[in-house]
């Protein structure tokens, strides 16, 4: 790294291993390095060794943390203003980053340290220190030139005084000579007078040459300074006391797109700073006009092409030769790429952690889903058969209905778990959120009870969104019940929809693409959520309800919103209202909120005359399916494995193969491929509790996948699908 000669780095960290590794790496870059593991020794080291230029300090240290250390340095170390400080931390939040900016640190890096980011940060600091050095050298040269000019002026004044004194002496001697030598002729007096005038003219000419030399040197220094500013590898600008631009170097024009002619004489804050940051930028410039320099002030700036960049500003007071403040010189740095790299790294890390949790939960859920759905299928199926057999015994029939209803509730729960683990394909359609809320308003009032006043603030003519309606209902119910639990006594829940156009800046903050979105907000009057809790509320199995909570509610909501292409944000403070806002991308198609129910249209007089081979490794479920199909008139053959099924097919004529997907040795998809190849006239129907990457479906046609029955299925759904296969040509 260039320009590291004579630069010294002090490393402060309570972990000796980190100090040793950093020292070795930074020394390899050409820096002189010193270090300590005691933060209390830092100020004494800086006072005793004023050659230290850069301090790299850990944020979290015993006795004296990184921020307290910075405050002590500023209060006790004479060279504090000339130091560049980098804070590193393995555990911090946005408030720490903001405080670091407020304290004027040069950079804020996270542990484990990225060598590239550290190298980039040191490189930027070295360039900044080099620029400061050039600025000091120029100031020294300028002061030397001014001192030389002042000295020349003093010499000229002295020469004039001496000349005046000599003239007086000459006049006095002339008068004495005139008195003493009245005989001298007028010509002699004229010769002496001309000689005196000639001598005076020669002295004036010599003095004028000196002044011209000083003036030329000052102009040369000014030209060198202008060239230095214009060719600097950093944006440098100047404003007068009224805030109008009077200097704009090439780098400023390069990063903003505005040429010097376009900005000259215009008010910097009013013309080129976005309204949200005008007050803060103006405050920095006003402080500089009052003699208070500002370092490392960060703000966003829109370029001429309306592209958002991040700028780090250092503002310095500009004075004239009399010491009066005449304006401000600003030196900036484009840190857009650095900021984006840090934000992208943090976002990717959070996504990785969440995806690892979701993957673990998905494997756990998918592992039990097949067996659980088999058990539910047995319960629901036999309860349905029992209910049909007890038509003339209402009391016993009611018991059978309750058993079937409980099984269906379990099936819904399994479906939610599979949706959460992303192993259920959502049944998405275009939805009007206003209509969904209005249709469920009465249900919510019953569930939340009379103590919660529900207020709907709905956007007129809301845009459509593409969602799974059943899952969306669960999201509304989940967030509403959470709000009820957060409210003690009587309270209010406001549910609001709004069409929103998300611009580039807001999209970056929300981590979604810019465009049209429909927002859905839930605002309660409850007790609020503290900072530590709100950072964990979307984690799987995290709950504040103790044994009464599953910890899956908000995790399922989060997964649903993410899978729908949106984002969910939570805003709250302890003792204040809580707001959850969901953003869903706008859907540009038409409303398709219609479902076909064919199960109720079964022909009562239909009797099957086909032979069906049923394959399932769950004996009870196999008996159930065979019983249902036999009661409907079909000739049914049972097989507990794919191998048994293949053996049966060699000796029996079969019209339809009905097979489970997940089975040992040969699964349903593999069996379907074999049967389709060897017995092309046999119609195939598959059924499964869930699908994952273990199911090899590469050789199966799309119709077979699409028409697969999802366990647990109802009796009517099974019969409907079998009859459809019988009706096919």
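The values are calculated or read from the model by the stated rules, or taken from the named source; none is laboratory data. What you are looking at is a predicted structure, and each value in this text was computed from that prediction instead of being measured. Cβ sites come from the backbone with ideal geometry, for glycine too, and all protein chains shown count toward neighbours.
Inside the range 80-92, can you point out the residues that are in contact with a strand residue (DSSP E or B) (Cβ under 8 Å, 6 or more places away or on another chain) and farther than 15 Å from residue 125 by Cβ?
89, 90, 92 - these are the residues of the range 80-92 that are in contact with a strand residue (DSSP E or B) (Cβ under 8 Å, 6 or more places away or on another chain) and farther than 15 Å from residue 125 by Cβ.
Got a sec? Which of 492, 459, 500, 438 is in a helix (DSSP H, G or I) and modelled with pLDDT of 90 or more?
On the way: 492 fails: in a helix (DSSP H, G or I); 459 fails: in a helix (DSSP H, G or I); 500 fails: in a helix (DSSP H, G or I).
Checking each option against the conditions leaves just 438.
Of the residues 685, 670, which is assigned by TED's automatic domain parsing to the domain that holds residue 720, modelled with pLDDT of 90 or more, surrounded by 15 or more Cβ atoms within 10 Å (Cβ to Cβ) and outside any strand (DSSP E or B)?
Values: 685 fails: outside any strand (DSSP E or B).
So the residue among 685, 670 that is assigned by TED's automatic domain parsing to the domain that holds residue 720, modelled with pLDDT of 90 or more, surrounded by 15 or more Cβ atoms within 10 Å (Cβ to Cβ) and outside any strand (DSSP E or B) is 670.
Given the conditions (1) modelled with pLDDT of 80 or more; (2) under 40 Å from the mean Cα position of the chain (by Cα); (3) surrounded by 18 or more Cβ atoms within 10 Å (Cβ to Cβ), report the number of the one that residue 303 does not fulfil.
Tallying (1) modelled with pLDDT of 80 or more; (2) under 40 Å from the mean Cα position of the chain (by Cα); (3) surrounded by 18 or more Cβ atoms within 10 Å (Cβ to Cβ), residue 303 fails exactly one: (3).
Would you tally the residues in the range 319-340 being within 18 Å of residue 234 (Cα to Cα) and either surrounded by 14 or more Cβ atoms within 10 Å (Cβ to Cβ) or touching a residue at least 40 places away in the same chain (Cβ under 8 Å) (or both)? I'd like the intermediate steps shown before the answer.
Here is the first cut: in the range 319-340, the ones within 18 Å of residue 234 (Cα to Cα) are 328-339.
When the remaining residues are screened for being either surrounded by 14 or more Cβ atoms within 10 Å (Cβ to Cβ) or touching a residue at least 40 places away in the same chain (Cβ under 8 Å) (or both), the result is 328-336, 338-339.
Matching residues across the range 319-340 total 11.
Could you check residue 621 against (1) surrounded by fewer than 20 Cβ atoms within 10 Å (Cβ to Cβ); (2) touching a residue at least 40 places away in the same chain (Cβ under 8 Å); (3) touching a helix residue (DSSP H, G or I) at 6+ places or on another chain (Cβ under 6 Å) and say which number it fails?
(1)
Starting from the range 116-129, take each residue that is closer than 13 Å to residue 31 by Cα and list its partners that are modelled with pLDDT of 85 or more and part of a helix (DSSP H, G or I), counting only C-beta distances under 8 angstrom and pairs at least six apart or across chains.
122/26
Can you name the condition, by its number, that residue 237 falls short on among (1) in a strand (DSSP E or B); (2) more than 33 Å from the chain's Cα centre (by Cα)?
If we test residue 237 against (1) in a strand (DSSP E or B); (2) more than 33 Å from the chain's Cα centre (by Cα), just (2) comes out false.
Among 516, 524, which is over 23 Å from residue 484 (Cβ atoms), touching a strand residue (DSSP E or B) at 6+ places or on another chain (Cβ under 7 Å) and either at pLDDT 85 or above or buried (at least 19 other Cβ atoms within 10 Å of the Cβ) (or both)?
The unique qualifying residue is 516.
Suppose we keep only residues that are closer than 30 Å to residue 531 by Cα and at pLDDT below 85 within the range 564-595. Which one would you say is surrounded by the most Cβ atoms within 10 Å (Cβ to Cβ)?
Here the residue is 572.
Would you pick out the residues in the range 285-300 that are within 26 Å of residue 504 (Cα to Cα) and surrounded by fewer than 20 Cβ atoms within 10 Å (Cβ to Cβ)?
298, 299, 300 - these are the residues of the range 285-300 that are within 26 Å of residue 504 (Cα to Cα) and surrounded by fewer than 20 Cβ atoms within 10 Å (Cβ to Cβ).
What number of residues within the range 462-478 are within 14 Å of residue 584 (Cβ to Cβ) and assigned to a helix (DSSP H, G or I)?
5
Hey, among 176, 183, which residue is farther than 30 Å from residue 329 by Cα, assigned to a helix (DSSP H, G or I), modelled with pLDDT under 80 and outside the structural domain of residue 349 (by TED's automatic domain parsing)?
On the way: 183 fails: assigned to a helix (DSSP H, G or I).
The conditions single out 176.
Give all pairs with beta carbons closer than 6 Å in which a residue from the range 517-537 that is part of a helix (DSSP H, G or I) meets a residue that is crowded, with 21+ Cβ neighbours inside 10 Å and at pLDDT 75 or above; count only pairs at least 6 apart in sequence or on separate chains.
Every condition considered, the pairs that remain are 534/572.
Filter the range 104-122 for residues that are in a helix (DSSP H, G or I) and surrounded by fewer than 18 Cβ atoms within 10 Å (Cβ to Cβ) and give the result. Spell out how you get there, then give the answer.
Kept after step one, since they are in a helix (DSSP H, G or I), are these residues of the range 104-122: 115-122.
Within the range 104-122, 115, 116, 117, 119, 120 qualify.
Residue by residue through the range 85-103, note down the ones that are buried (at least 21 other Cβ atoms within 10 Å of the Cβ) and within 19 Å of residue 38 (Cα to Cα).
Once the filter is applied, which keeps residues that are buried (at least 21 other Cβ atoms within 10 Å of the Cβ) and within 19 Å of residue 38 (Cα to Cα), the range 85-103 yields 85, 86, 87, 88.
Just the residues that are buried (at least 16 other Cβ atoms within 10 Å of the Cβ) and assigned to a strand (DSSP E or B), please, taken from the range 33-65.
Selection gives 33, 35, 36, 52, 53, 54, 55, 56, 57, 58.
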